[in-house]
Structure formats: structure tokens, C-alpha cells
Amino acid sequence: MTTRRFTRRFLLGSAAALAGAFALAPRTALAADPIKVAGIYTVPVEQQWVSRIHKAAEAAQARGDIEYVFTENVSNTDYARVMREYAESGNTLIIGEVFGAEQEAREVAADYPDVAFLMGSSFKQDESLPNFAVFDNYIQDAAYLSGIVAGAMTESGNIGMVGGFPIPEVNRLMHAFMAGAAEMNPDIAFQVSFIGSWFDPPKAKETAFAMIENGADILYAERFGVSDAAQEKGILAIGNVIDTQAEYPDTVVASAIWHFEPTLDAAIAAVKAGEFTAADYGVYSFMKEGGASLAPFGTFEGKIPQEALDLIEERTKAIKAGDYTVEINDEEPKSS
């Protein structure tokens, strides 16, 4: 698959276009009759990335904006069929992730021009396919802040990072995390590995064990299973997308959180206003849009060096004000 790289200018342009469309559909418009929304997911809904989409959809349903159904564990080869079934059954908006079924998904969307498709994708929108919009979790801001914590907490100066696949949405978070850690210690060594799966906790755990054996004393848990390894070996971990500190109170020191609500709410408003079109909704994952945050430190309150806390506070304010930009680097990260 060819990877295209988003530029800062492109994202800002998309943000302006989306803001204009959203302005045509004020928040009060969401009080109208609910629209039918279907979610299609290639993994279980408890998987961290998909869980954020599912959570936002359930919240929209609870407040009466949508009627929501979903199918999980859909294989890439079966994705197009499920899309067609949902389109045929009267759903107005279909959401999901098509990283492994890009061409097939766009072909389906072309056959149903009256249905809006909002899909997680590594590719840009296509203006010739106006009912197919894309998104990705651009939570590099929060990942960068979590890296500052890691850089301040490591004693060995060796950090292990376990990811699913080296695609843009994973790569950019890893690079942002590494940049944050380097703020505290520019000499930190990183071990980077990808397990070739979105949901294989045992494999992620074994990969993490190998990194610990190789000197890592803190792990970046992009996948489930990594925090289990850290907990068993008595070292720290940094979470991604969701906050798992309740499950690992002595292990997960910080987490970069993705909030899908701004993305989905903008799409719902656009659909209800008749203004849904091809666009990049990834901009709604930026921290200044409310799409990302650093989880509360909880059990680690008072245990993180003040120097790191001060820098996090300074950077958070600057990011939200638009005065500091975390680099978006979609290239595959390498071990140092």
C-alpha cells in the first residue's frame, strides 16, 4: 500500500473547510430526529482504538442524536460486503476503519452516493467521491506530552516501544512520544518493534519481554499486552488511546487519550445539515479541538519530577493556544 503524507498546510485547510461546514449545522441541529449510524470494525470493540469510536457513538445514541448498530471482528476480505449490507438497510452514516480495505471500501461508497461514509484511513479524501470522508487519530500532541513523562521517569535511559503496524497513525504517535522523551534526556535509546497485528496481546507481551531483557525500564504500550509485561517485570508503561491505569495502578504512569466525540459530532451535524462531503476529519483529533488529552496521573501524582510537570503545563497551554506545534512525522520509526 502506498502511504501518503499529510502536510500541516493540508490539515489546516481541511480544518477551515470543516469548520465552515460545521457552522452551517449548529449544535442545536443535533436535536432533530436521530439518524441511523452503523459501525464496522475489524477488531473487537474493546480494542483500544476502536473502543474510542464505539464510545463516542454510544454517547451520541444516548443523547438521542443517532440510532447506532455495529459489527465487530469483520475481516478485511469481508468488509465490503458488510458495508453494502448496512448501506442497503437504510443507514445514513457508516463509520469504521478501512486501513486494510481501502480500494474496496471506496468502490462501495461510490455505489451509494446518498450514504455518508466516515472511515479511518491512511489516505486523503477524494473530491470525486464526495460521500467518503476520512479521519485518523492525530493525537500526537498528547503522545508528545506522555513522552515527557517517560523521559523523566526512565533510569536506564532505555525505552521499549511496541506497535501494531508501521502505518502513519502509529508512526506519528511514536515519533511524537520519542520527541517528548528527548526533551528530558536527548541521549535516550529507543527499542522499536511492530507485531504485525492490531490485536494480539500475547505477541505484544512477548515482544515487550524481549525489550525488558535488553535493558528497557519503561515501555510505550501502543498495543494491548505490553502493560501486562511491564506489570509482571515491575517496570513502568505509558498507555495509548485509552486510560488503563485502573487496571495497572502501579504500572501505567501516563496515557495519551483519544477523544473521538469531536470527530463524530462534526460528521453527524454535517449529515443532518445536508453538508457532508469529502474531507479530512483528522483535524478534530488535535488537542486544541478537544480530540486528545493527557490522562490524569492518578496513582503517580507526586511521583513525577517537577521539571517534567512544569514543561507539560507549559507545552499544553502553548499547544491549545496554537503557539506550539508537535511535528507530524508519518515515517516508520527505527530503534536507536
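The values are calculated or read from the model by the stated rules, or taken from the named source; none is laboratory data. Owing to the predicted nature of the structure, the values given are computational and were not obtained by experimental measurement. No Cβ is skipped: glycine too gets one built from the backbone with ideal geometry, and neighbour counts run over all protein chains shown. Just the protein is used for accessible areas: all its heavy atoms, side chains included, with ligands, DNA and RNA removed. Shrake-Rupley method; radii C 1.70, N 1.55, O 1.52, S 1.80 Å.
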Would you please name the GluC sites (Glu not before Pro) within region 131-230 that are DSSP coil residues with at most 14 other C-beta atoms within 10 Å of their C-beta? 155
Cross-chain or 8 or more residues apart, Cα under 23 Å: how many lysine pairs in the chain fit that? Count them up, please. 13
Only one of the listed values, (i) 38, 23, 18; (ii) 34, 21, 18; (iii) 28, 23, 20, was derived from the coordinates as semi-axes √(5λ) of the Cα gyration tensor in Å; which label is it? (ii)
Rounded percent of accessible protein surface that carbon and sulfur make up, region 62-153, 1.4 Å probe: 47 percent
So, with points 7 Å from each Cα along the Cβ direction, the residue 324-residue 126 label distance in nm works out to 4.0 nm
So how do 106-117, 42-53 stack up, highest first, on mean other-Cβ count within 10 Å? 42-53, 106-117
Roughly how many Å² is the accessible area per residue of the chain, as a whole number, for a 1.4 Å probe? 40 Å²
If you roll a 1.4 Å probe over region 190-336 with all protein chains in place, what percent of the accessible area is carbon or sulfur? 47 percent
FRET efficiency (residue 335, residue 233; Cβ distance; R0 25 Å; to 0.05) is 0.80
